[in-house]
Amino acid sequence: EGICHALMAERYVLPGQVVVGTDSHTPHAGALGCLAFGVGTTDIACAWVTGDVRVTIPPTLRVHLRGRMRAGVSAKDLVLHLLAQPLIREGGALGHVIEYQGQGLVDLDTDERATLTNMAAEIGGFTGLIAPDGETVRFVKERRGVDLVLDPWMRGDEGAEYAHTLEVDCGALGPMLARPGDPGNGVAL
């Protein structure tokens, strides 16, 4: 019927849920405010039997998106830009929650946001996460006919500590291409 991680976001998951799958792109559902991550087949089998998944709380990399993206610039361009950053190229995001925040999210629909969270795998992160907002409510209503009420706890705490913060000036980004061999080989178009 479709790609499993995309179907989960379109049909099943809701903000605030923990979502576990055997697909490395399970973090796709993080676009809806879920803690969504992939595990191996043994872990998923144990989860089916016990209802539990063992997880060590990972550190968080905050990606603060300042400003608005220009016309013609997409979430994929943003991810290719991030993959070229020294912190990420040197492994500084390995095993981290990649939490996207800021004004740069305003113009991104859920599909674009899912590109950000989905590509946590390429960044080397544990998962990608975006706090649910009005766009999340719109998406779930449009796709499933479900009216959501977002709870205040469904976002990062004021004063939360982050392992690292990357600041991105979204207005300065342009379209990107990835040279062959690695999505970290991004160059500005």
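The values are calculated or read from the model by the stated rules, or taken from the named source; none is laboratory data. The shown structure was predicted, so the numbers you read here are calculated from the model rather than taken from an experiment. Positions of Cβ are generated from backbone atoms using ideal geometry, with glycine treated the same way; all protein chains shown enter the neighbour counts. What goes into the accessible areas is simple: the full protein's heavy atoms, side chains included, and nothing from ligands, DNA or RNA. Shrake-Rupley method; radii C 1.70, N 1.55, O 1.52, S 1.80 Å.
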Verdict on GLY102 being on the phi > 0 side of the Ramachandran plot and in contact (Cβ under 8 Å) with a residue 24 or more places away in the chain: yes
Where a residue in segment 151-171 is of a type in the set (Val, Ile, Thr) and its partner, wherever it lies, is open to solvent by 60 Å² or more (accessible area, probe 1.4 Å), with Cβ under 7 Å and at least six apart: VAL168/ARG66
1 or more residues crowded, with 21+ Cβ neighbours inside 10 Å and of a type in the set (D, E, K, R): qualifying strands (runs of 3 or more DSSP E) within segment 25-142: 97-101
ARG179 being touching a residue at least 60 places away in the same chain (Cβ under 8 Å) and open to solvent by 90 Å² or more (accessible area, probe 1.4 Å): no
Residues that are exposed (fewer than 12 other Cβ atoms within 10 Å of the Cβ) and outside any loop (DSSP other than H, G, I, E, B), drawn from segment 151-168: GLU167
Which listed residue is under 12 Å from the mean Cα position of the chain (by Cα) and among the hydrophobic types (A, V, I, L, M, F, W, C), from ALA6, ALA31: ALA31
